[in-house]
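The values are calculated or read from the model by the stated rules, or taken from the named source; none is laboratory data. In this text, all values refer to a predicted model and were calculated from it rather than measured experimentally. All Cβ positions, even for glycine, are placed from backbone atoms using ideal geometry, and neighbour counts span all protein chains on display. SASA here: full protein model, heavy atoms, side chains in, ligands and nucleic acids out. Shrake-Rupley method; radii C 1.70, N 1.55, O 1.52, S 1.80 Å.
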There are 2 protein chains.
Amino acid sequence: MPTSPSNISKAPKTLNDLKARIADEHQSLSKRLQQVARYFLDNPKDIAFGTVAVISKDAGVHPSTLVRFANAFGYSGFSEMQRIFQQHLLHESPSYKDRISMVRETFGEDDGSSVRLLEQFASANSATLDHLVGELDYSALEKAEGLLQQANHIFIMGVRRTFVVASYLVYALRHADRRATLIDSVGGMTMEQAGNMRHDDVMIAVSFHPYAEETQRVAQQALDAGVPLILLTDSELSPLAARASAKIIVREAEVHGIRSLSSSLCVAQALSVSLATKNK
Amino acid sequence: MPTSPSNISKAPKTLNDLKARIADEHQSLSKRLQQVARYFLDNPKDIAFGTVAVISKDAGVHPSTLVRFANAFGYSGFSEMQRIFQQHLLHESPSYKDRISMVRETFGEDDGSSVRLLEQFASANSATLDHLVGELDYSALEKAEGLLQQANHIFIMGVRRTFVVASYLVYALRHADRRATLIDSVGGMTMEQAGNMRHDDVMIAVSFHPYAEETQRVAQQALDAGVPLILLTDSELSPLAARASAKIIVREAEVHGIRSLSSSLCVAQALSVSLATKNK
DNA sequence: TGCTTTTTGGAATAAATTTTCCGCGATTGG
DNA sequence: CCAATCGCGGAAAATTTATTCCAAAAAGCA
């Protein structure tokens with residue numbers, strides 16, 4: 001006879017299910033177990049991190065009571081139950097990592113068919129966008145917006161993979177009535193274009209791994225000229241991160257070794273429309 | 001001599017301070033420690049919950065390296081450092097849903113706020129991607145794939161809003177080892193570039209409302225030269241639709257008068273990866 | 001190249017945490 | 001009021017987890 005006889009049903013796998021079960025069975029529990037139940041419902045976060053020792057002390061019960069509590073709900077022990085609380089904190093919304101990895105499993109082995117691939121990319125990109133909202137550093141976004149607001153002229157650079165983002169930014173910022181120049185390398189005049197920057201301008205560099213050297217060089221030149229740098233990148237460890245006035249870090253989905261740009265473009269959209277509405 | 005000699009300064013007490021320190025000293029660390037640093041910055045949540053064993057496995061280093069890493073930043077051990085990550089999750093960031101509403105309060109509800117806009121764009125784009133899977137005409141996609149498969153050279157054109165998609169296609173197709181040329185208008189030589197097309201080539205035109213005239217003219221020229229046309233557009237009534245060999249129709253989200261490109265780019269991804277896998 | 005210093009990974013150690021076991025005490029039903 | 005049952009807490013055992021130590025490898029330097 002492993003646990004409580006009334007609970008033959010399996011242990012809940014999500015925090016919401018578990019909470020519901022706890023609430024349901026609350027009155028059928030013993031006094032101490034009710035005490036634990038209340039504490040669990042009221043302090044889910046402490047459960048997620050705490051050890052049996054501290055939780056039991058905080059809840060005013062004996063350590064073994066916690067184990068009994070977990071057993072009463074079908075778990076093998078406290079640790080297994082705790083994992084539910086942790087996972088909830090870990091990926092709150094319709095989990096991101098799970099969704100991405102599910103993409104691979106659900107759609108099975110790649111037959112190379114473009115249909116399959118489209119499904120995979122679509123759901124991966126969609127998941128990333130959902131996550132973007134929760135992960136982005138909004139103060140950085142607002143900082144960038146402020147800088148752009150005051151800029152006399154905006155210079156934008158991104159090469160290879162990020163060229164798309166850079167060119168979209170130019171397009172969108174011009175629609176927001178900002179003066180924007182894309183530093184492309186047409187005619188090999190990269191540095192000449194970059195040389196035009198003045199201290200009341202702003203530069204936006206879009207630089208993802210492996211951090212193209214051209215962009216770094218131009219950004220460095222901008223910094224030397226006293227031009228504030230807005231960096232749109234994929235990591236805090238991006239080479240220019242230390243010197244940027246505002247660094248916006250976005251995580252992009254990767255499927256089949258190809259990284260998307262959905263999130264970056266989304267940020268670009270938000271930024272430029274925001275500026276558009278602030279035009280007087 | 002307890003730890004690294006260069007770090008006499010005290011261990012950071014908040015996650016932001018710690019992250020900053022890690023970013024700062026990243027390049028002065030040893031190879032393995034850099035590896036850890038990157039993992040820490042990229043996966044803070046996993047650090048908060050994981051045990052030394054699983055984290056070190058995920059980060060691809062030896063358990064003792066994690067302890068050394070913590071020591072290098074002035075902590076007595078990994079656990080002490082981990083507590084920083086936990087505390088951040090504990091109160092700094094309440095939870096995604098809470099965070100979003102908190103962000104709203106902090107930055108206001110007004111539609112001009114870039115935060116609010118980001119939310120709107122992200123959810124609109126995400127929703128569009130989810131719909132894409134159900135709405136796309138897959139036979140058109142496969143037709144396009146077949147054409148590209150056999151093409152000697154691929155010419156791609158898109159201007160203004162669709163320039164982004166066109167340039168992404170070029171980038172991606174080249175990565176799939178296809179010969180691809182973007183018909184831009186550098187030097188005003190649009191028609192000269194287009195004049196290169198031969199009957200065994202293929203042209204991709206990306207043309208959304210209001211259907212730029214330049215693209216139509218070039219596509220017409222391609223058709224006249226017997227070049228099959230793949231059309232990526234937003235409506236069956238697109239001017240070139242009637243004459244295209246394959247027409248892929250995607251619907252894009254619109255927020256605040258700005259149309260996205262997520263779906264188009266997603267199609268472009270699928271198409272090019274599909275081609276890449278079929279290279280022999 | 002040969003030597004010194006630093007870094008790394010393996011194994012052993014130490015610490016902590018969780019779980020089990022068992023007897024005591026309270027509660028309930030006869 | 002007594003007996004059976006259930007719940008509880010104390011303490012030890014078992015397991016997991018973090019840390020230290022040391023030798024080998026790598027990197028830097030002369």
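Within region A:154-166, how many residues are touching a Ser or Thr at 6+ places or on another chain (Cβ under 7 Å) and either modelled with pLDDT under 95 or open to solvent by 10 Å² or more (accessible area, probe 1.4 Å) (or both)?
Within region A:154-166, residues that are touching a Ser or Thr at 6+ places or on another chain (Cβ under 7 Å) and either modelled with pLDDT under 95 or open to solvent by 10 Å² or more (accessible area, probe 1.4 Å) (or both) number 3.
Within region B:222-229, does at least one residue satisfy the condition of being open to solvent by less than 20 Å² (accessible area, probe 1.4 Å), part of a strand (DSSP E or B) and under 25 Å from A:Arg160 (Cα atoms)? Can you show your working first?
Quick first cut of region B:222-229, residues open to solvent by less than 20 Å² (accessible area, probe 1.4 Å) only: B:222, B:227, B:229.
From the residues that got through so far, the ones that are part of a strand (DSSP E or B) too are B:229.
Next cut, under 25 Å from A:Arg160 (Cα atoms) only: none.
No: region B:222-229 contains no residue that is open to solvent by less than 20 Å² (accessible area, probe 1.4 Å), part of a strand (DSSP E or B) and under 25 Å from A:Arg160 (Cα atoms).
(1) in a helix (DSSP H, G or I); (2) within 10 Å of DNA strand C (Cβ to nearest atom); (3) more than 22 Å from B:Leu90 (Cβ to Cβ): which one isn't true of A:Ser79, the others all being true?
It fails just one condition, (3).
Quick check on my filter: what residues within region B:44-64 are open to solvent by less than 60 Å² (accessible area, probe 1.4 Å), assigned to a loop (DSSP other than H, G, I, E, B) and within 15 Å of DNA strand D (Cβ to nearest atom)?
Step one: list which residues in region B:44-64 are open to solvent by less than 60 Å² (accessible area, probe 1.4 Å), which gives B:44-50, B:52, B:55-56, B:59-61, B:63-64.
Right, trim to assigned to a loop (DSSP other than H, G, I, E, B) and you get B:50, B:60-61.
Listed by number, the residues that qualify are B:Gly50, B:Val61.
Looking only at residues in region A:192-212 that are at pLDDT 95 or above and not in a loop (DSSP other than H, G, I, E, B), which one is farthest from A:Ala144 (Cα to Cα)?
Result: A:Ser207.
Name the residues in region A:154-191 that are in contact (Cβ under 8 Å) with a residue 40 or more places away in the chain, within 13 Å of another protein chain (Cβ to nearest Cβ) and assigned to a loop (DSSP other than H, G, I, E, B), would you?
A:Gly158, A:Val159, A:Ala176 - these are the residues of region A:154-191 that are in contact (Cβ under 8 Å) with a residue 40 or more places away in the chain, within 13 Å of another protein chain (Cβ to nearest Cβ) and assigned to a loop (DSSP other than H, G, I, E, B).
Would you tally the residues in region A:42-59 being more than 13 Å from DNA strand C (Cβ to nearest atom) and over 19 Å from A:Ala23 (Cβ atoms)?
Summing the residues that are more than 13 Å from DNA strand C (Cβ to nearest atom) and over 19 Å from A:Ala23 (Cβ atoms) in region A:42-59 gives 0.
Give the residues of region B:65-76 that are buried (at least 20 other Cβ atoms within 10 Å of the Cβ) and either in a loop (DSSP other than H, G, I, E, B) or within 14 Å of chain A (Cβ to nearest Cβ) (or both), sorted by residue number.
B:Phe73, B:Tyr75
Taking into account only those residues within region B:27-41 that are open to solvent by less than 30 Å² (accessible area, probe 1.4 Å) and within 9 Å of another protein chain (Cβ to nearest Cβ), which is nearest to DNA strand C (Cβ to nearest atom)?
B:Ala37
Taking region B:65-83 on its own, how many of its residues are among the small types (Gly, Ala, Ser) and more than 9 Å from DNA strand D (Cβ to nearest atom)?
Step one: of region B:65-83, the residues among the small types (Gly, Ala, Ser) are B:70, B:72, B:74, B:76-77, B:79.
When the remaining residues are screened for being more than 9 Å from DNA strand D (Cβ to nearest atom), the result is B:72, B:74.
Count: 2.
Per-residue answers, yes or no, for (1) over 26 Å from A:Arg174 (Cα atoms); (2) not in a loop (DSSP other than H, G, I, E, B):
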{"position": "A:Ser235", "(1), (2)": "yes, no"}
{"position": "A:Ser238", "(1), (2)": "yes, no"}
{"position": "A:Ala242", "(1), (2)": "yes, yes"}
{"position": "A:Ile248", "(1), (2)": "no, yes"}
{"position": "A:Val267", "(1), (2)": "no, yes"}
{"position": "A:Ser274", "(1), (2)": "no, yes"}
{"position": "A:Asn279", "(1), (2)": "no, no"}
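What tally of residues in region A:187-221 results from selecting those that are within 13 Å of A:Gly158 (Cα to Cα) and open to solvent by 60 Å² or more (accessible area, probe 1.4 Å)?
4
Among the residues of region B:131-151, which ones are more than 10 Å from every other protein chain (Cβ to nearest Cβ) and not in a helix (DSSP H, G or I)?
Once the filter is applied, which keeps residues that are more than 10 Å from every other protein chain (Cβ to nearest Cβ) and not in a helix (DSSP H, G or I), region B:131-151 yields B:Asp137, B:Ala151.
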